[in-house]
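The values are calculated or read from the model by the stated rules, or taken from the named source; none is laboratory data. Computed from a predicted structure; not experimentally measured. Quick reminder, even Gly has a Cβ in these numbers, built from the backbone with ideal geometry, and neighbours come from all protein chains shown. Just so you know, the surface numbers come from the protein's heavy atoms only, side chains and all, with ligands and any DNA or RNA stripped out. Shrake-Rupley method; radii C 1.70, N 1.55, O 1.52, S 1.80 Å.
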Amino acid sequence: MAGTVTVPGASVPSTPLLKDELDIVIPTIRNLDFLEMWRPFFQPYHLIIVQDGDPTKTIKVPEGFDYELYNRNDINRILGPKASCISFKDSACRCFGYMVSKKKYIYTIDDDCFVAKDPTGKDINALEQHIKNIMSPSTPFFFNTLYDPYREGADFVRGYPFSLREGTHTAVSHGLWLNIPDYDAPTQLVKPKERNERYVDAVMTIPKGTLFPMCGMNLCFDRDLIGPAMYFGLMGDGQPIGRYDDMWAGWCVKVICDHLSLGVKTGLPYIWHSKASNPFVNLRKEYKGIFWQEDIIPFFQNVTIPKDCDTVQKCYIYLSGQVKEKLGTIDPYFVKLADAMVTWIEAWDELNPATPATENGKAK
(Lines give C-alpha, C1' and ligand atoms only; values in the text may rest on other atoms or scores of the structure.)
Protein backbone atom coordinates (compact mmCIF):
# COMPACT_ATOMS: atom_id res chain seq x y z
CA MET A 1 0.00 0.00 0.00
CA ALA A 2 1.36 3.43 -0.89
CA GLY A 3 2.35 5.62 2.01
CA THR A 4 4.69 8.37 3.11
CA VAL A 5 7.03 7.93 6.04
CA THR A 6 9.34 10.51 7.56
CA VAL A 7 11.38 9.59 10.62
CA PRO A 8 14.11 11.68 12.29
CA GLY A 9 17.52 10.22 11.49
CA ALA A 10 21.19 10.93 11.30
CA SER A 11 22.53 14.35 10.42
CA VAL A 12 22.91 15.17 6.73
CA PRO A 13 24.86 17.78 4.79
CA SER A 14 23.29 21.25 4.72
CA THR A 15 21.67 22.74 1.61
CA PRO A 16 21.76 19.68 -0.69
CA LEU A 17 21.43 20.49 -4.35
CA LEU A 18 17.88 20.39 -5.77
CA LYS A 19 16.52 19.04 -2.50
CA ASP A 20 12.92 19.96 -3.37
CA GLU A 21 13.20 19.37 -7.11
CA LEU A 22 14.43 15.77 -7.32
CA ASP A 23 13.01 12.34 -6.50
CA ILE A 24 15.05 9.16 -6.16
CA VAL A 25 13.29 6.15 -7.72
CA ILE A 26 14.26 2.64 -6.59
CA PRO A 27 12.75 -0.62 -7.89
CA THR A 28 13.12 -3.52 -5.46
CA ILE A 29 11.96 -6.92 -4.24
CA ARG A 30 13.93 -6.82 -0.96
CA ASN A 31 14.61 -4.80 2.16
CA LEU A 32 16.51 -1.63 1.37
CA ASP A 33 19.46 -2.05 3.70
CA PHE A 34 21.72 -0.65 0.98
CA LEU A 35 20.35 2.81 1.78
CA GLU A 36 22.44 2.90 4.96
CA MET A 37 25.56 3.37 2.86
CA TRP A 38 23.85 6.10 0.85
CA ARG A 39 22.39 7.90 3.90
CA PRO A 40 24.79 10.89 3.82
CA PHE A 41 23.84 11.57 0.21
CA PHE A 42 20.22 10.40 -0.16
CA GLN A 43 18.57 11.22 3.16
CA PRO A 44 17.66 14.83 2.30
CA TYR A 45 15.71 13.69 -0.76
CA HIS A 46 12.31 12.13 -1.28
CA LEU A 47 12.35 8.47 -2.35
CA ILE A 48 9.81 6.69 -4.55
CA ILE A 49 10.12 2.94 -4.03
CA VAL A 50 8.46 0.66 -6.58
CA GLN A 51 8.03 -2.80 -5.08
CA ASP A 52 8.08 -5.58 -7.63
CA GLY A 53 6.84 -9.13 -7.11
CA ASP A 54 4.58 -10.22 -4.25
CA PRO A 55 2.61 -7.16 -3.07
CA THR A 56 1.87 -8.79 0.31
CA LYS A 57 5.56 -8.84 1.20
CA THR A 58 6.71 -6.07 3.54
CA ILE A 59 9.70 -4.09 2.34
CA LYS A 60 11.73 -2.59 5.19
CA VAL A 61 13.23 0.84 4.71
CA PRO A 62 15.84 2.18 7.15
CA GLU A 63 14.66 4.92 9.50
CA GLY A 64 15.25 8.51 8.59
CA PHE A 65 14.19 8.44 4.94
CA ASP A 66 11.21 10.26 3.47
CA TYR A 67 9.55 7.90 1.00
CA GLU A 68 6.51 6.63 -0.82
CA LEU A 69 6.21 2.92 -1.55
CA TYR A 70 4.05 1.49 -4.32
CA ASN A 71 3.38 -2.19 -4.97
CA ARG A 72 1.47 -3.90 -7.76
CA ASN A 73 -1.87 -3.40 -6.04
CA ASP A 74 -1.20 0.34 -5.89
CA ILE A 75 -0.21 0.45 -9.57
CA ASN A 76 -3.43 -1.35 -10.53
CA ARG A 77 -5.51 0.95 -8.33
CA ILE A 78 -3.95 4.16 -9.65
CA LEU A 79 -3.79 3.28 -13.35
CA GLY A 80 -6.73 0.90 -13.68
CA PRO A 81 -6.72 -0.89 -17.08
CA LYS A 82 -3.72 1.19 -18.15
CA ALA A 83 -1.61 -0.65 -15.55
CA SER A 84 -1.05 -3.21 -18.30
CA CYS A 85 1.75 -0.99 -19.61
CA ILE A 86 3.81 -1.40 -16.40
CA SER A 87 6.01 -4.49 -16.34
CA PHE A 88 5.75 -7.09 -13.57
CA LYS A 89 8.61 -9.14 -12.13
CA ASP A 90 11.17 -6.94 -13.85
CA SER A 91 13.02 -3.79 -12.83
CA ALA A 92 11.24 -2.05 -15.71
CA CYS A 93 8.51 -1.39 -13.15
CA ARG A 94 10.64 1.55 -11.99
CA CYS A 95 9.16 3.77 -14.69
CA PHE A 96 5.91 3.88 -12.68
CA GLY A 97 7.89 5.98 -10.22
CA TYR A 98 8.78 8.40 -12.99
CA MET A 99 5.11 8.75 -13.82
CA VAL A 100 3.85 9.49 -10.29
CA SER A 101 6.69 11.84 -9.36
CA LYS A 102 5.91 15.54 -9.34
CA LYS A 103 9.52 16.71 -9.31
CA LYS A 104 11.53 18.18 -12.18
CA TYR A 105 14.41 15.69 -11.86
CA ILE A 106 14.64 11.95 -11.32
CA TYR A 107 17.59 9.88 -10.14
CA THR A 108 17.17 6.11 -10.31
CA ILE A 109 19.45 3.48 -8.82
CA ASP A 110 19.36 -0.29 -8.29
CA ASP A 111 19.43 -1.80 -4.81
CA ASP A 112 22.67 -3.68 -5.47
CA CYS A 113 24.57 -0.46 -6.17
CA PHE A 114 26.77 0.91 -3.40
CA VAL A 115 28.89 4.02 -2.88
CA ALA A 116 32.09 3.84 -4.92
CA LYS A 117 35.39 5.48 -4.09
CA ASP A 118 37.46 7.72 -6.33
CA PRO A 119 41.18 7.06 -6.87
CA THR A 120 42.02 9.04 -3.71
CA GLY A 121 39.79 6.79 -1.60
CA LYS A 122 37.07 9.39 -1.13
CA ASP A 123 33.41 8.33 -1.25
CA ILE A 124 31.77 9.44 -4.50
CA ASN A 125 28.58 11.45 -4.14
CA ALA A 126 27.01 10.10 -7.33
CA LEU A 127 23.88 12.21 -7.02
CA GLU A 128 25.85 15.44 -6.70
CA GLN A 129 27.83 14.67 -9.88
CA HIS A 130 24.65 13.79 -11.79
CA ILE A 131 23.16 17.12 -10.76
CA LYS A 132 26.28 18.95 -11.97
CA ASN A 133 26.02 17.09 -15.28
CA ILE A 134 22.37 17.81 -15.84
CA MET A 135 22.50 21.44 -14.70
CA SER A 136 25.22 22.29 -17.23
CA PRO A 137 24.75 22.34 -21.02
CA SER A 138 25.48 19.53 -23.46
CA THR A 139 27.32 19.72 -26.78
CA PRO A 140 25.70 17.14 -29.10
CA PHE A 141 26.32 19.03 -32.35
CA PHE A 142 30.13 19.18 -32.26
CA PHE A 143 32.45 16.93 -30.26
CA ASN A 144 34.84 18.59 -27.81
CA THR A 145 38.04 16.52 -27.55
CA LEU A 146 38.56 17.73 -23.98
CA TYR A 147 35.20 16.11 -23.13
CA ASP A 148 32.78 18.21 -21.07
CA PRO A 149 33.94 21.83 -21.59
CA TYR A 150 31.77 23.06 -18.70
CA ARG A 151 33.62 21.09 -16.02
CA GLU A 152 36.09 22.91 -13.82
CA GLY A 153 39.54 22.83 -15.40
CA ALA A 154 38.23 22.23 -18.93
CA ASP A 155 37.09 24.41 -21.80
CA PHE A 156 36.40 24.36 -25.51
CA VAL A 157 39.45 23.42 -27.54
CA ARG A 158 40.90 25.38 -30.44
CA GLY A 159 38.71 24.99 -33.51
CA TYR A 160 35.44 24.57 -31.63
CA PRO A 161 32.83 26.86 -33.27
CA PHE A 162 31.96 29.85 -31.10
CA SER A 163 28.40 29.70 -32.40
CA LEU A 164 27.93 26.31 -30.68
CA ARG A 165 29.63 27.05 -27.35
CA GLU A 166 26.40 27.92 -25.59
CA GLY A 167 25.40 24.26 -25.88
CA THR A 168 21.90 22.94 -25.34
CA HIS A 169 19.81 21.70 -22.41
CA THR A 170 20.92 18.41 -20.87
CA ALA A 171 18.07 15.93 -20.59
CA VAL A 172 19.95 12.83 -19.38
CA SER A 173 23.02 12.08 -17.25
CA HIS A 174 24.10 8.45 -17.66
CA GLY A 175 26.46 7.20 -14.94
CA LEU A 176 28.78 4.18 -14.93
CA TRP A 177 29.84 1.41 -12.55
CA LEU A 178 32.94 -0.03 -10.94
CA ASN A 179 33.33 -3.71 -10.05
CA ILE A 180 30.63 -5.76 -11.86
CA PRO A 181 30.32 -4.51 -15.47
CA ASP A 182 26.94 -4.24 -17.15
CA TYR A 183 27.53 -7.10 -19.60
CA ASP A 184 25.11 -9.21 -21.59
CA ALA A 185 24.83 -12.91 -20.82
CA PRO A 186 27.22 -14.24 -23.50
CA THR A 187 29.93 -11.82 -22.35
CA GLN A 188 29.28 -12.75 -18.72
CA LEU A 189 29.72 -16.42 -19.59
CA VAL A 190 33.07 -15.97 -21.33
CA LYS A 191 34.39 -13.41 -18.80
CA PRO A 192 32.94 -14.57 -15.46
CA LYS A 193 35.69 -13.02 -13.34
CA GLU A 194 36.12 -9.74 -15.17
CA ARG A 195 35.73 -6.61 -13.08
CA ASN A 196 35.80 -2.97 -14.08
CA GLU A 197 38.56 -1.30 -12.08
CA ARG A 198 39.18 1.59 -14.46
CA TYR A 199 38.09 4.97 -13.10
CA VAL A 200 37.99 7.39 -16.02
CA ASP A 201 37.59 10.97 -14.86
CA ALA A 202 35.51 12.16 -17.78
CA VAL A 203 32.03 13.28 -18.77
CA MET A 204 31.09 13.60 -22.42
CA THR A 205 28.07 14.43 -24.53
CA ILE A 206 26.94 11.61 -26.81
CA PRO A 207 26.94 13.13 -30.32
CA LYS A 208 23.73 13.70 -32.23
CA GLY A 209 22.92 10.71 -34.42
CA THR A 210 24.76 8.26 -32.18
CA LEU A 211 22.84 5.65 -30.17
CA PHE A 212 24.09 4.13 -26.92
CA PRO A 213 23.14 1.25 -24.58
CA MET A 214 21.54 3.04 -21.66
CA CYS A 215 21.81 1.36 -18.25
CA GLY A 216 19.11 2.21 -15.71
CA MET A 217 21.04 1.38 -12.54
CA ASN A 218 22.72 4.81 -12.19
CA LEU A 219 20.73 7.31 -14.20
CA CYS A 220 19.48 10.88 -13.81
CA PHE A 221 17.18 12.81 -16.12
CA ASP A 222 15.16 15.98 -16.44
CA ARG A 223 11.59 14.78 -16.11
CA ASP A 224 10.16 17.99 -17.57
CA LEU A 225 12.31 17.73 -20.69
CA ILE A 226 12.22 13.99 -21.49
CA GLY A 227 10.11 12.20 -18.84
CA PRO A 228 7.32 10.89 -21.11
CA ALA A 229 9.91 9.06 -23.24
CA MET A 230 11.46 7.24 -20.24
CA TYR A 231 9.23 4.22 -20.67
CA PHE A 232 11.03 0.97 -19.91
CA GLY A 233 8.75 -1.12 -22.10
CA LEU A 234 7.09 -4.48 -21.57
CA MET A 235 9.50 -6.88 -19.91
CA GLY A 236 9.46 -9.74 -17.43
CA ASP A 237 6.37 -11.72 -16.51
CA GLY A 238 4.36 -12.79 -19.56
CA GLN A 239 6.78 -11.23 -22.04
CA PRO A 240 9.24 -12.99 -24.40
CA ILE A 241 12.15 -10.73 -23.45
CA GLY A 242 13.87 -9.20 -20.44
CA ARG A 243 16.89 -7.04 -19.61
CA TYR A 244 16.25 -4.75 -22.55
CA ASP A 245 14.03 -2.33 -20.62
CA ASP A 246 16.57 0.44 -20.05
CA MET A 247 18.12 -0.01 -23.47
CA TRP A 248 14.74 0.31 -25.20
CA ALA A 249 14.09 3.49 -23.24
CA GLY A 250 17.55 4.78 -24.09
CA TRP A 251 17.10 4.26 -27.82
CA CYS A 252 13.74 6.03 -27.79
CA VAL A 253 15.08 8.82 -25.60
CA LYS A 254 18.18 9.43 -27.72
CA VAL A 255 16.25 9.63 -30.97
CA ILE A 256 13.79 12.08 -29.41
CA CYS A 257 16.56 14.13 -27.77
CA ASP A 258 18.29 14.40 -31.15
CA HIS A 259 15.04 15.56 -32.74
CA LEU A 260 14.31 18.15 -30.03
CA SER A 261 17.96 19.31 -29.78
CA LEU A 262 18.47 18.05 -26.23
CA GLY A 263 21.67 16.58 -24.82
CA VAL A 264 22.64 13.25 -23.26
CA LYS A 265 25.81 12.94 -21.18
CA THR A 266 27.67 9.80 -20.09
CA GLY A 267 30.66 9.09 -17.84
CA LEU A 268 30.93 10.22 -14.24
CA PRO A 269 29.61 9.45 -11.69
CA TYR A 270 30.56 5.88 -10.80
CA ILE A 271 28.71 3.63 -8.38
CA TRP A 272 29.93 0.25 -7.03
CA HIS A 273 27.90 -2.51 -8.65
CA SER A 274 28.09 -5.22 -6.02
CA LYS A 275 26.39 -8.29 -7.43
CA ALA A 276 26.60 -10.18 -10.72
CA SER A 277 23.28 -11.63 -11.87
CA ASN A 278 23.09 -15.25 -13.03
CA PRO A 279 24.31 -15.41 -16.65
CA PHE A 280 22.18 -18.48 -17.46
CA VAL A 281 19.03 -16.77 -16.20
CA ASN A 282 20.07 -13.65 -18.10
CA LEU A 283 20.59 -15.63 -21.30
CA ARG A 284 17.07 -17.01 -21.07
CA LYS A 285 15.76 -13.44 -20.75
CA GLU A 286 17.99 -11.93 -23.40
CA TYR A 287 18.29 -14.48 -26.16
CA LYS A 288 15.51 -13.11 -28.37
CA GLY A 289 16.73 -9.58 -27.84
CA ILE A 290 20.23 -10.55 -28.93
CA PHE A 291 18.77 -11.50 -32.32
CA TRP A 292 16.16 -8.75 -32.46
CA GLN A 293 18.57 -5.93 -31.69
CA GLU A 294 20.22 -6.47 -35.08
CA ASP A 295 16.97 -5.13 -36.55
CA ILE A 296 16.05 -2.76 -33.71
CA ILE A 297 19.27 -0.75 -33.91
CA PRO A 298 19.01 -0.03 -37.67
CA PHE A 299 15.37 0.93 -37.09
CA PHE A 300 16.34 3.62 -34.58
CA GLN A 301 19.31 4.71 -36.68
CA ASN A 302 17.07 5.34 -39.67
CA VAL A 303 13.82 6.58 -38.15
CA THR A 304 13.05 10.25 -38.90
CA ILE A 305 10.61 12.08 -36.66
CA PRO A 306 8.52 14.70 -38.54
CA LYS A 307 9.17 18.38 -37.79
CA ASP A 308 5.63 18.91 -36.52
CA CYS A 309 6.34 16.53 -33.64
CA ASP A 310 7.40 19.33 -31.28
CA THR A 311 6.72 17.69 -27.91
CA VAL A 312 8.02 14.51 -26.31
CA GLN A 313 4.54 12.99 -26.39
CA LYS A 314 4.06 13.66 -30.10
CA CYS A 315 7.48 12.19 -30.84
CA TYR A 316 6.77 9.12 -28.75
CA ILE A 317 3.37 8.46 -30.30
CA TYR A 318 4.96 8.76 -33.74
CA LEU A 319 7.70 6.29 -32.69
CA SER A 320 5.07 3.85 -31.46
CA GLY A 321 3.44 3.84 -34.88
CA GLN A 322 6.78 3.22 -36.55
CA VAL A 323 7.54 0.39 -34.11
CA LYS A 324 4.26 -1.29 -35.00
CA GLU A 325 4.78 -0.83 -38.74
CA LYS A 326 8.50 -1.59 -39.05
CA LEU A 327 9.23 -3.97 -36.17
CA GLY A 328 5.84 -5.65 -35.92
CA THR A 329 6.82 -7.87 -38.84
CA ILE A 330 9.67 -9.36 -36.76
CA ASP A 331 7.47 -10.61 -33.95
CA PRO A 332 3.94 -9.91 -32.62
CA TYR A 333 5.60 -8.72 -29.39
CA PHE A 334 6.44 -5.41 -31.07
CA VAL A 335 2.78 -4.80 -31.93
CA LYS A 336 1.96 -5.32 -28.27
CA LEU A 337 4.86 -3.08 -27.24
CA ALA A 338 3.74 -0.32 -29.63
CA ASP A 339 0.25 -0.39 -28.12
CA ALA A 340 1.77 -0.25 -24.62
CA MET A 341 3.79 2.82 -25.64
CA VAL A 342 0.53 4.60 -26.49
CA THR A 343 -1.07 3.44 -23.24
CA TRP A 344 1.96 4.73 -21.31
CA ILE A 345 1.57 8.21 -22.81
CA GLU A 346 -2.16 8.23 -22.08
CA ALA A 347 -1.49 7.24 -18.46
CA TRP A 348 1.30 9.81 -18.16
CA ASP A 349 -0.97 12.60 -19.40
CA GLU A 350 -3.76 11.57 -17.03
CA LEU A 351 -1.44 11.75 -14.01
CA ASN A 352 0.44 14.79 -15.30
CA PRO A 353 -2.05 17.21 -16.85
CA ALA A 354 -0.61 20.16 -18.74
CA THR A 355 0.10 23.31 -16.70
CA PRO A 356 1.26 26.80 -17.68
CA ALA A 357 4.85 25.67 -16.95
CA THR A 358 4.68 22.57 -19.12
CA GLU A 359 2.46 21.64 -22.01
CA ASN A 360 2.30 18.13 -23.43
CA GLY A 361 5.71 17.26 -22.06
CA LYS A 362 7.45 20.26 -23.59
CA ALA A 363 9.17 22.45 -21.00
CA LYS A 364 8.36 26.12 -21.40
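Helix content alone sets the calculated 222 nm mean residue ellipticity of the chain: runs of n ≥ 4 DSSP H residues at -39500 (n - 2.57) each, divided across all residues, give -9500 deg cm²/dmol. For the chain, the fraction of alpha-carbon pairs lying more than 30 Å apart is 36 percent, rounded to a whole number.
Comparing ASP123, ASP224, ASP74 in a Gaussian network model of the chain (Cα springs below 10 Å), the most mobile by mean-square fluctuation is ASP123.
Report, to two decimal places, the Cα Rg of the stretch 283-341 normalised by 2.2 N^0.38 Å (N = number of residues).
Values: Rg = 12.4 Å, N = 59, 2.2 N^0.38 = 10.4 Å.
Against the empirical 2.2 N^0.38 Å value, I get 1.20 for the stretch 283-341.
From the alpha carbon centroid of the stretch 108-175 to that of the stretch 7-86 is 26 Å. When the pairs LYS104/LYS285; LYS60/LYS288; LYS122/LYS275 are compared against a 24 Å limit on Cα-Cα distance, LYS104/LYS285; LYS60/LYS288 fall above it.
Tell me, what is the per residue accessible area of the stretch 22-351 in Å², probe radius 1.4 Å? Don't skip to the end; give the middle numbers.
Numbers: 13890 Å² over 330 residues.
Normalised by residue count, the accessible surface of the stretch 22-351 is 42 Å².
Annotation note: trypsin sites (Lys or Arg not before Pro) in the stretch 125-186 located in DSSP loop regions with a Cβ neighbour count of at most 12 within 10 Å are ARG158. What the phi angles of the stretch 281-296 give under the Karplus curve with 6.51, -1.76 and 1.60, with θ = phi - 60°, is a coupling list of 5, 4, 4, 4, 6, 8, 4, 5, x, 4, 6, 5, 5, 5, 9, 5 Hz, glycine and proline written as x. Taken one residue at a time, the phi angles of the stretch 193-200 give Karplus couplings (6.51, -1.76, 1.60, θ = phi - 60°) of 9, 6, 10, 8, 10, 8, 9, 9 Hz. Gly and Pro are set to x. Spin-label model, ILE29/GLU325: points 7 Å from Cα along the beta carbon direction are separated by 3.9 nm. Once you reduce the stretch 332-352 and the stretch 256-297 to the center of their Cα atoms, the two points are 21 Å from each other. For THR170, the residues whose modelled amide H falls within less than 5 Å of its own, excluding neighbours fewer than 5 places apart on the same chain, are SER138, GLY263. Apolar share of the accessible surface for the stretch 22-351: 53 percent from carbon plus sulfur atoms, 1.4 Å probe.
The heavy atoms of ILE86 present about 10 square angstrom of accessible area, all protein chains included, probe 1.4 Å. In the assembled protein chains, TRP177 presents an accessible area of approximately 40 Å² (probe radius 1.4 Å).
Accessible-area rank, largest first, for TYR107, TYR183: TYR183, TYR107, with all protein chains present and a 1.4 angstrom probe.
Using a probe of 1.4 Å, the accessible surface attributed to PHE143 totals some 90 Å² when neighbouring protein chains are kept in position. Of the residues ASP33, ASP110, ASP258, the one that moves most in a GNM of the chain with alpha-carbon contacts below 10 Å is ASP33. Taking the Cα of ASP118, stepping 7 Å toward and past its beta carbon, and measuring to each backbone N in the stretch 261-288: which are under 12 Å? Of the residues in the stretch 261-288, 268-270 have backbone N under 12 Å from the label point off ASP118. For the set LYS89/LYS117; LYS82/LYS265; LYS82/LYS254, the pairs lying more than 30 angstrom apart at their alpha carbons are LYS89/LYS117; LYS82/LYS265.
Leaving ligands, DNA and RNA out of it, rank GLU194, GLU166, GLU36, GLU68 by accessible area with a 1.4 Å probe, largest first.
Details: GLU194 65, GLU166 155, GLU36 95, GLU68 40 Å².
So the residues, ranked largest to smallest area, are GLU166, GLU36, GLU194, GLU68.
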